[in-house]
Amino acid sequence: MNALIKSATIVDSKSDFHNETVDILIEKGRIAKISKRISNPNNYREIKRDNLHVSQGWFDSSVSFGEPGFEERETIENGLKTAAQSGFTAVALNANANPVIDSYADITFVKAKANNKATSLYPIGALTTASNGKDLAELFDMKNAGAIAFYDYQKPITNPNLMKIALQYASNFNGLVCSFPQESKISGHGVANEHINSTRLGLKGNPALAEELQIARDLFLLEYTEGKLHIPTISTAKSVELIRTAKAKKLDVSCSVAIHNLVLTDDSLDGFDTRYKVLPPLRTQKDCDALIEGLKDGTIDMVTTDHNPIDIEDKKREFDFAKYGTIGLESAFGALQTIFTTKKSISLLTQGKERFGIKESTINEGEIADLSLFNPDANYQFEKSNITSRSKNSAFLGMELIGETYGVIANNKIVLK
């Protein structure tokens, strides 16, 4: 793949050309030359866009596509196309398919389905067999097949001894164990943040305490085992404090936050719109502020879209019975820019690769072209026409967002809107 990117501003603090507006020549998938002006004698494809900016390829540590088993929600092929058009060159795929991705063969299957695509797919294997929370899955086999971590998506491990054993076992091969932060006996059948709004609306509450107790337990287990832990999608102010303290003690822990938990609060629930039924639930503005501060000071390692397509039959129901989840790939950049600068938004979208063992690529001559293309200044209202996912369950519909994505150049391929 050969191409010439014209007049692009590079946003990459590790690049020699950071903040410069330049032309970028790509030959056979590598950056051959970066200069103020490059001619095109070989008639390569020229890429020009309004206010074009380029950064290192973005990474999302938590996406769900459905396939195999839930193709009506999303297929791997269309999911990766959506990710590419949304600026992501790498995504970590959760194991919540049917059957659950819990074996060497399952990991091999999803990797084969993603072969030869611009956006790289990195599978996360289930932590327990069929994500049943009872028996450890074949972690080492899945690691050898290409699994980058182990996680029962949105299912807490209720047995602390099982979590202890998982951390000990995975440490033998540098495996990353993920634990969903929710104590089920405390959360019960709660569907919304236990606070003023849930009481006012008559919705069963899921208290912040349920998340914080589970995190505290897992951090004690981590300290005991000296393992390697990732806590996905934290949502409360106290969770940030707990992880900040753990990091000060030099525990090997990382965490993420879903973008919708940064931008939206439980005030959104007034209309009982099930697009806002997510797990963990939308919390208060105080929690949002603490999460944002946690990202700024490095306590929280990465953001994720927690992209989870749900078909209309499972979303257009009474709030208590609708499934949890929102899609988020298409809105990620625009939503982040409503609260952060472009520089910080790009930093957050490119963080996390190292934690999951994924190689980074800077924007310098000789490097592999792994690029996200975007316009940071476009203002627009996010509508269904902006969605390329099969499912349309976006919590951001109708919101004013800032920043438009153009696509990616990665894996020796170009995908542009």
Enumerated helices (runs of 4 or more DSSP H) restricted to the range 231-329, each holding at least 3 residues that are touching a Pro at 6+ places or on another chain (Cβ under 9 Å) and closer than 26 Å to PRO68 by Cα
none
Looking at (1) out of contact with any helix residue (DSSP H, G or I) (no Cβ under 6 Å at 6 or more places or on another chain); (2) modelled with pLDDT of 95 or more; (3) within 16 Å of ALA410 (Cβ to Cβ), which one does LEU329 not meet, given that it meets all the others?
(1)
Could you list, in sequence order, the residues of the range 363-404 that are under 19 Å from LEU52 (Cβ atoms) and open to solvent by less than 10 Å² (accessible area, probe 1.4 Å)?
ILE363, ALA369, LEU371, SER372, LEU373, PHE374, PRO376, LEU401, GLY403
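Each row is one residue, and each column tells you yes or no for (1) out of contact with any Asp or Glu (no Cβ under 8 Å at 6 or more places or on another chain); (2) among the charged types (D, E, K, R).
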| residue | (1), (2) |
| --- | --- |
| GLU318 | yes, yes |
| LEU348 | yes, no |
| ILE363 | no, no |
| PHE374 | no, no |
| LYS384 | yes, yes |
Taking the range 103-130 and keeping residues more than 24 Å from ASN412 (Cα to Cα) and open to solvent by 30 Å² or more (accessible area, probe 1.4 Å) leaves SER103, TYR104, ALA105, ASP106, THR129, ALA130
Given LEU203, LEU167, LEU162, which one is in contact with a Phe, Trp or Tyr (Cβ under 8 Å, 6 or more places away or on another chain) and not small (Gly, Ala, Ser)?
LEU203
Residue by residue through the range 131-158, note down the ones that are open to solvent by less than 60 Å² (accessible area, probe 1.4 Å), more than 22 Å from TRP58 (Cα to Cα), in a loop (DSSP other than H, G, I, E, B) and not acidic (Asp, Glu).
GLY133, ALA137, GLN154, PRO156, ILE157
Based on what the data block shows, is SER361 under 28 Å from ASP23 (Cβ atoms), assigned to a strand (DSSP E or B) and of a type in the set (S, T, N, Q)?
no
Scanning the range 169-181 residue by residue, those in a helix (DSSP H, G or I) and open to solvent by less than 70 Å² (accessible area, probe 1.4 Å) turn out to be ALA170, SER171, PHE173
Could you tell me whether ALA332 is surrounded by fewer than 24 Cβ atoms within 10 Å (Cβ to Cβ) and under 23 Å from ASN94 (Cα atoms)?
no
Being within 19 Å of the chain's Cα centre (by Cα), buried (at least 22 other Cβ atoms within 10 Å of the Cβ) and not acidic (Asp, Glu) is the requirement here; does ALA92 meet it?
yes
Kindly indicate whether any position in the range 385-408 is assigned to a helix (DSSP H, G or I) and farther than 29 Å from ILE310 by Cα.
no
Tally of residues being under 20 Å from the mean Cα position of the chain (by Cα), small (Gly, Ala, Ser) and not in a strand (DSSP E or B) across the range 114-130
3
For the range 283-296, state whether one or more residues are open to solvent by less than 20 Å² (accessible area, probe 1.4 Å) and β-branched (Val, Ile, Thr).
no
Note on LYS48: of the conditions (1) touching a Gly at 6+ places or on another chain (Cβ under 6 Å); (2) open to solvent by 10 Å² or more (accessible area, probe 1.4 Å), unmet is (1)
Of the residues LYS185, LYS164, which is open to solvent by 30 Å² or more (accessible area, probe 1.4 Å) and within 20 Å of THR233 (Cα to Cα)?
LYS185
Of the residues in the range 182-228, those that are over 19 Å from LEU291 (Cα atoms) and either of a type in the set (A, V, I, L, M, F, W, C) or part of a strand (DSSP E or B) (or both) come to ILE186, VAL191, ILE196, LEU201, LEU203, GLY205, PHE220, LEU221, LEU222
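Here's the yes/no breakdown for (1) of a type outside the set (Ser, Thr, Tyr); (2) free of Cβ contacts under 8 Å to residues at least 60 places away in the same chain:
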position: LEU201; (1), (2): yes, no
position: ALA216; (1), (2): yes, yes
position: LYS238; (1), (2): yes, yes
position: THR245; (1), (2): no, yes
position: ALA248; (1), (2): yes, yes
position: ILE259; (1), (2): yes, no
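The values are calculated or read from the model by the stated rules, or taken from the named source; none is laboratory data. Remember, it's a predicted structure, so these values are computed and weren't measured experimentally. Every residue, glycine as well, gets a Cβ built from its backbone with ideal geometry; the counts of neighbours run over all protein chains shown. Please note that ligands, DNA and RNA were not included when accessible areas were found on the heavy atoms of the full protein model with its side chains. Shrake-Rupley method; radii C 1.70, N 1.55, O 1.52, S 1.80 Å.
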